[in-house]
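See below for the structure under consideration.
The values are calculated or read from the model by the stated rules, or taken from the named source; none is laboratory data. The shown structure was predicted, so the numbers you read here are calculated from the model rather than taken from an experiment. Using ideal geometry, Cβ is built from the backbone for each residue, glycine included, and neighbour counts are taken over all protein chains shown. Accessible surface areas use protein heavy atoms only, side chains included; no ligands, DNA or RNA. Shrake-Rupley method; radii C 1.70, N 1.55, O 1.52, S 1.80 Å.
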Amino acid sequence: MKPLLIGGSITLAFAAMACKRASNSAASSATTSSPPSSEAPVASPAADQAKAEAEAEAKAAEVADAKRERFRQSMESGYASFRKKDIAGTFATLEGVPDEFKSEPEFINLRGACHVENRDFAKALNDFSEASRKSPEDASVRFNLAEVYFVTRRWDEAIEGFQQAKQRAGADSDAALRALIDFKLMLCEAGKGDAEAFDRLAAANVAAGDSLLAAYTRAAMGFHSGDENGARDILADAAEKFPQSSERAPWHDTMIEFGYLPRP
C-alpha cells in the first residue's frame, strides 16, 4: 500500500499548487477590474475532492497495514506453538487468522506442516501443492511437498521435488537443507530398489567429510547391507560428534520415516 500513499501525496501537492495559482490569478483580476472583496477565498471543489480521496486512501492503507501486522503476529505465534509440538494450539491460532490472509503461502505452508504432524498426508499434500503454486521459488515449500511424497513412498515424485528444492536453496544460507536433500535423494533410490544409484549417491555423500551427511549416509549403508549393529554404532558416534539433538533431529527422523529406525 505504500506506493498508493505516495501517489496520493503527490496528487495532493499538485492540487494545492493549482489552487494557489487560480487564487493568485483571481486576485490580480480583481485589482484591475473590481473593488477588493472582504470574503475569504473559496476552496476549489476539485481540490477538496482530491484531498478527501487522499485521506480515504491513507486511512485504507493504515487499516491494511494494521491487518497485515496482526497477520504477522499470528504467524509468529503459530510458529512458536508448532516448534513446541503444540499442533492443536497452532491450528487454533491459524483458525483466528482473517479469511483474507488464509490464501497466503506462508499460512498454507504452516497448516500443511500441522497436517504432517497429524499424519494426515492427503491434506498436507493439498496444502503444500497449493503453497507451491503460489510461491514456486520457495525452497522450503518445495521441500515440504517432496517430503510428503517421501513419507508416502512416491519415490519418483519425491526425487523430482527434492531436486527442485535443491535448485532453489541458496548455496550458503541453506547448506544444511541442501545436505539433507542429498541424503533423502539417496534414500529415494534405495526405496526404488536402484542399488547402483544408491551406491553412487552414497559414495558422493560419504566424501562430504566430517559431517552429518557423511555420518548418516554411512549408517544408512549399514542398514541397507543388513549390518544393523554397525549402523547403530555409527549413529552413536554421530551423537557424540554432534551433541545437539536439534541438529541431528531431521536426519534421525528421516531414518525413522524410511524404516531404518523404529518409531518412538
Next on the checklist: So, Ala231, is that one part of a helix (DSSP H, G or I) and either open to solvent by less than 30 Å² (accessible area, probe 1.4 Å) or in contact with a strand residue (DSSP E or B) (Cβ under 6 Å, 6 or more places away or on another chain) (or both) or not?
Outcome noted: yes
Next on the checklist: Step by step: first the residues of the stretch 244-264, then only those that are hydroxyl-bearing (Ser, Thr, Tyr) and in a helix (DSSP H, G or I), then the one that is modelled with the highest pLDDT. Which residue is that?
Outcome noted: Thr254
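Rundown of residues vs (1) in contact with a helix residue (DSSP H, G or I) (Cβ under 8 Å, 6 or more places away or on another chain); (2) crowded, with 21+ Cβ neighbours inside 10 Å; (3) modelled with pLDDT under 95; (4) of a type in the set (S, T, N, Q), yes/no style:
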{"site": "Glu147", "(1), (2), (3), (4)": "yes, yes, no, no"}
{"site": "Thr152", "(1), (2), (3), (4)": "yes, no, no, yes"}
{"site": "Trp155", "(1), (2), (3), (4)": "yes, no, no, no"}
{"site": "Ala158", "(1), (2), (3), (4)": "yes, yes, no, no"}
{"site": "Arg168", "(1), (2), (3), (4)": "yes, no, yes, no"}
{"site": "Leu177", "(1), (2), (3), (4)": "yes, no, yes, no"}
{"site": "Phe183", "(1), (2), (3), (4)": "yes, yes, no, no"}
{"site": "Met186", "(1), (2), (3), (4)": "yes, yes, no, no"}
{"site": "Ala190", "(1), (2), (3), (4)": "yes, yes, no, no"}
Checklist outcome for this item: Restricting the stretch 234-263 to residues that are of a type in the set (Lys, Arg) and under 18 Å from Val206 (Cβ atoms), the one least open to solvent (accessible area, probe 1.4 Å) turns out to be Arg248
Checklist entry - Going by the structure shown, is Gly209 farther than 22 Å from Gly89 by Cα, open to solvent by less than 40 Å² (accessible area, probe 1.4 Å), among the small types (Gly, Ala, Ser) and at pLDDT below 95? => result yes
Next on the checklist: Residues that are in a helix (DSSP H, G or I), of a type outside the set (Lys, Arg) and closer than 22 Å to Glu157 by Cα: does the stretch 88-107 have at least one?
Outcome noted: yes
Item to check | Every pair of residues 6+ apart whose Cβ atoms lie under 9 Å, when the first sits in the stretch 175-188 and is closer than 18 Å to His224 by Cα and in a helix (DSSP H, G or I) while the second is polar (S, T, N, Q) and open to solvent by 40 Å² or more (accessible area, probe 1.4 Å) | outcome: Leu185/Gln163
